[in-house]
Structure formats: structure tokens, C-alpha cells
1. When Rg is the radius of gyration of the Cα atoms in the range 2-66 and Rh is its Kirkwood radius, what does Rg/Rh come to?
2. Quickly work out the ARG9-to-ALA37 label distance, labels modelled 7 Å from Cα along the C-beta direction, and quote it in nm with one decimal.
3. Taking 0.36 nm per residue of separation and subtracting the Cα-Cα distance, what length does fully extending GLU30 through LEU16 add?
4. Can you list which of the GluC sites (Glu not before Pro) found in the chain are DSSP loop residues with at most 12 other C-beta atoms within 10 Å?
5. Where Lys and Arg each count +1 and Asp and Glu each count -1, what net charge lies around ASP17 among other residues with Cβ under 10 Å from its Cβ?
6. Looking only at SER63, SER27, SER12, which one moves most when the chain is put into a Gaussian network model with springs between Cα atoms under 10 Å?
Amino acid sequence: MAVIVLRVRLISGDNLDLTYEEPGAGSEDEVIDHVVATLAEDPGVLRCQHGDRLLVLYARGVSAVEVAPRGAVL
């Protein structure tokens, strides 16, 4: 299972740091490709974690996504 940390900028201008896990992925690059492909679709939805909370991220509210460097703090 590969896990990445995303910094998401919403259309409102707010930023969120989220953790996204992909159970079937072998590498971080595969997870990043999946995130980009999902958010590029019209009904794009990702289930992420924000701390201990489940967060559902809808593509229509996202203006930018940045993959956090190692050591990112949530």
C-alpha cells in the first residue's frame, strides 16, 4: 500500500494537507498518477484522511494539488 501527502488548494483559496492511500499501488508514482487521473474526471472523488478524519475530496472544488515532500506535517 502506497501513501502520499497532498497539499490541496481549494477554489476558495484555502489549503488542506491530506493523506491519500492506494491499497493496490506499488509506488508513489502510481498513486500520484491515480490522483491526477481521478481529479481530471468530471465526477472525480477521492477519499482522504485529514488527521483522524475521513474527508471526501470532490474535483470540482480543487484548483491545485501539490505532492508534499518527505517529512510533511499534518
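Just so it is clear, none of the values below were taken in a lab; they were calculated from the coordinates. Everything numeric in this text was worked out from a predicted model, so none of it was measured. Cβ coordinates were reconstructed from backbone atoms using ideal geometry, including for glycine residues, and neighbour counts include every protein chain displayed.
1. When Rh is taken as the Kirkwood radius, the ratio is 0.93.
2. 2.6
3. Here the segment from GLU30 to LEU16 would lengthen by 2.9 nm.
4. Filter output for the chain: GLU41.
5. Once positives and negatives cancel, what remains is 0.
6. Ranking SER63, SER27, SER12 by mean-square fluctuation puts SER12 first.
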